[in-house]
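These notes are about the structure you will find just below.
The values are calculated or read from the model by the stated rules, or taken from the named source; none is laboratory data. All figures in this text were calculated on a predicted structure; none of them were measured in a lab. Cβ placement follows ideal geometry from the backbone for every residue including glycine, while neighbour counts extend to all protein chains displayed.
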Amino acid sequence: MATQLPGNVVSAARVRGLVKEFGDRRVLHGLDLDIQRGEFVALLGRSGSGKSTLLRALAGLDRETEGDLSVPGEVAVAFQEPRLVPWKRVAANITLGLRHQDPKAAGKAALAEVGLTGRADAWPLTLSGGEAQRASLARALVRDPDLLLLDEPFSALDALTRITIHNLVLELWARHRPGVLLVTHDVDEALLLADRALVLADGRIARELRIDLPRPRRRDHPDFLALRTSLLAELGVTPEGTDH
């Protein structure tokens, strides 16, 4: 059962003093983080800052950490690569390992939500990049997660497909209301999707930025541009596009 916080807020994840080391290198250094159910959070940082390390710890894929990490509900992950099993058809991939009273019906409903009903019997290798990511999202959401972890799942998509998948993710999030942690290098993506943007640096959350813009969001809105400039500066990118 999810932990009840003050004000009847339901916690999707709570992290206190998280430390992760690889040999002599400390990647996470006493990191604190809270994600509530229904909240959409984007995590940014330079390459090697520990974004995916934190995500793996939250997913339970790396338990060799120090500190307090509590993820009381169901967790699902969508990775940069869809990671579909090539010898199973799409429908079977969606329900692989699913504990459900009627997994076929649940899988069918999930595929319908992402617009893949007609591809249920297809082999994964016949899917386009966008279709494969839709299948990955369906596989995550069929588990009705309290916490949905997205590890740069849009980075390999072309620009038009990425817009379509962004809109789909927002629709699915609004419908199911999990807590979401999106790991991304794309500042515009963070500002288009998230309620909060966090910048990871030196193994800790170095900056938290609230994004109180109405959806759908426009890149040319003055407040969007101001937030973009602020986040880029925090990431060490000058207005001319060069690193400090």
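Brief remarks follow.
- Residue that is of a type outside the set (Val, Ile, Thr) and within 26 Å of residue 30 (Cβ to Cβ), where the choices are 213, 225, 193, 198: 198
- Filtering 86, 82 for residues that are part of a loop (DSSP other than H, G, I, E, B) and buried (at least 16 other Cβ atoms within 10 Å of the Cβ) leaves a single hit, 82.
- Sole residue being among the β-branched types (Val, Ile, Thr), in contact with a Lys or Arg (Cβ under 7 Å, 6 or more places away or on another chain) and free of Cβ contacts under 8 Å to residues at least 40 places away in the same chain, chosen from 163, 211: 211
- Close pairs (7 angstrom Cβ cut-off, 6 or more residues apart or separate chains): at positive phi in the range 9-37, exposed (fewer than 14 other Cβ atoms within 10 Å of the Cβ) and part of a loop (DSSP other than H, G, I, E, B) anywhere: none
- Within the range 91-117, residues that are farther than 19 Å from residue 167 by Cα reach partners that are among the β-branched types (Val, Ile, Thr) and assigned to a helix (DSSP H, G or I) with beta carbons closer than 7 Å, at six or more positions or on different chains, in the pairs 107/94.
- All positions within the range 152-178 that are under 18 Å from residue 37 (Cα atoms) and among the acidic types (Asp, Glu): 171
- Looking across the range 45-87 at every residue that is among the basic types (Lys, Arg) and in contact (Cβ under 8 Å) with a residue 40 or more places away in the chain, the one that is farthest from residue 234 (Cα to Cα) is identified as 83.
- Unmet criterion (only one of (1) modelled with pLDDT under 95; (2) under 24 Å from residue 73 (Cβ atoms)) for residue 206: (2)
- With respect to being among the aliphatic types (A, V, I, L, M) and at pLDDT below 95, residue 201 fits the description.
- Within the range 191-214, tally of residues that are more than 16 Å from residue 49 (Cβ to Cβ) and of a type in the set (Asp, Glu): 2
- Among the conditions (1) more than 28 Å from residue 53 (Cα to Cα); (2) assigned to a helix (DSSP H, G or I); (3) at pLDDT 95 or above, the only one that residue 104 does not satisfy is (3).
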